[in-house]
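Taken together, the values in this text are just the output of simple stated rules run on the coordinates, not laboratory data. This is a predicted model, so every value here is computed, not measured. Heads up, the Cβs are rebuilt from the backbone with ideal geometry, glycines too, and the neighbour counts pull from every protein chain shown.
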Amino acid sequence: MIDLYTWTTPNGRKVSILLEELGVPYEVHSIDLSKDEQFAPEFIKISPNNKIPAIVDRETGVEMMETGAIMLYLSNKYGKFQCEGNEYWRMVEWLMWQMAGFGPMLGQVHHFVKYNKGQSEYSEKRYYEEALRLYSVLEKQLKDRDYIAGENKGTYSIADMSCWPWVSRFEWQEIDLNLYPNIKDWYIRISNRPAVQKGYSIPKFVNEIPKI
Ligand SMILES: N[C@@H](CCC(=O)N[C@@H](CS)C(=O)NCC(=O)O)C(=O)O
C-alpha cells in the first residue's frame, strides 16, 4: 500500500496519474497548500523540502519526496511504464528535462503571467519566452512519435506522465496548442486515458481536463 500526500497541482497529478495507471492500492492524504499544510511538522518529516507530493511505501518503509525520484521508484517497483534498452536512458533524460526545465519554468509563468500580471514586465517576458522555447523543444521531440521516449513511435512512460500535467495548464500559460500540432495530438491522446482522467482529480475534483 502506498500513502500519497498530494494536492491539485501538476506535480501532485504526475504521481496520482502513475498510481492510477499502475492500478495499485493507494491511500490519498490531502495537503492543502492554501492552508499551508505543507509546513506541518508531521508532513516535513516525510517531505523535508515542504513540497507536495510525497509518498510512503508501507511495504518497504521508504518515505520519499521529489517527483523525479517517486516516478522512478514506483515504475521500478511495479515494473511498468518504463522504456527498455537505450531508450530507458532517453526516458530518464526527458524526465530530468521536465524536472529541471519544463516544470520549474512553467511554474514561473504561472506565477508571473497568470497570478501577478503587470508586476514585472521583465519576468513575464523572460519566463514566457522560455516557455515558448521549451514547448518548441517538446514539439520537435514528438515529431512522428506518439510518446516522448521509446523505440519507433514511442512507449507511454513516466516521461509522458511527468510532462503532461504541465501541458494541461496551457491556458494558464497562454500557450496556443494549435501552434504545436505534435504536442496537441499527444496531449489529447493522453487526456483520453481513463487513468489520467481519474488521476487528474486526485485529491479532489477541481475542473475537467482542459480541452483544445
Ligand atoms: N521538485 C519538486 C517540486 C514540488 C513542488 O514544487 N510542489 C509544489 C506544488 S506543485 C508545492 O508543494 N508548493 C508548496 C510550497 O512551495 O510551499 C517535485 O518535483 O516534487
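Worth pointing out:
- Zone residues, the range 159-198, relative to TYR78, backbone N less than 16 Å from point 7 Å out along Cα-to-Cβ: 159-162, 193-198
- Straight-line cross-link partners of LYS153 among the lysines, defined as a Cα under 20 Å from its Cα and at least 8 positions apart when in the same chain: LYS80, LYS140, LYS143, LYS184.
- Taking Cβ atoms as reference points and 12 Å as the exclusive limit, the residues near ILE209 contribute a net charge of +3, counting Lys and Arg as +1 and Asp and Glu as -1.
- The dipole here belongs to the range 1-61: it is taken about the Cα centre, uses +1 on the Cβ of Lys and Arg and -1 on the Cβ of Asp and Glu, and is about 200 debye.
- Separation between Cα centres of the range 61-132 and the range 1-45, rounded to whole Å: 17 Å
- Coupling constants for the range 83-93 follow from the phi torsions by the Karplus curve (6.51 cos²θ - 1.76 cosθ + 1.60, θ = phi - 60°), and in residue order they are 8, 10, x, 4, 5, 4, 6, 4, 4, 4, 4 Hz; glycine and proline get x.
- Length available on full extension from GLU66 to LYS204: 0.36 nm per residue minus the Cα-Cα distance, which gives 47.6 nm.
- Fluctuation leader among GLY154, GLY199, GLY118 - the chain, Gaussian network, Cα springs under 10 angstrom: GLY118
- Under the criterion of Cα pairs below 8 Å and six or more residues apart, the relative contact order for the range 87-193 equals 32 percent.
- Estimated FRET transfer efficiency (GLU59, GLU121; beta-carbon r; R0 41 Å; 0.05): 0.20
- Relative to the globular-protein estimate of 2.2 N^0.38 Å, the Cα radius of gyration of the range 87-193 stands at 1.07.
- Under 16 Å of direct C-alpha separation, and excluding same-chain neighbours fewer than eight residues apart, LYS35 reaches these lysines: LYS51, LYS204.
- Summarising the amide proton neighbourhood of HIS29: residues at separation of 5 or more, or on other chains, whose placed amide H is nearer than 5 Å comprise LEU4, TYR5, THR6.
- Prolate/oblate/rounded call for the range 1-132, Cα gyration tensor, a/c under 1.5 rounded: oblate
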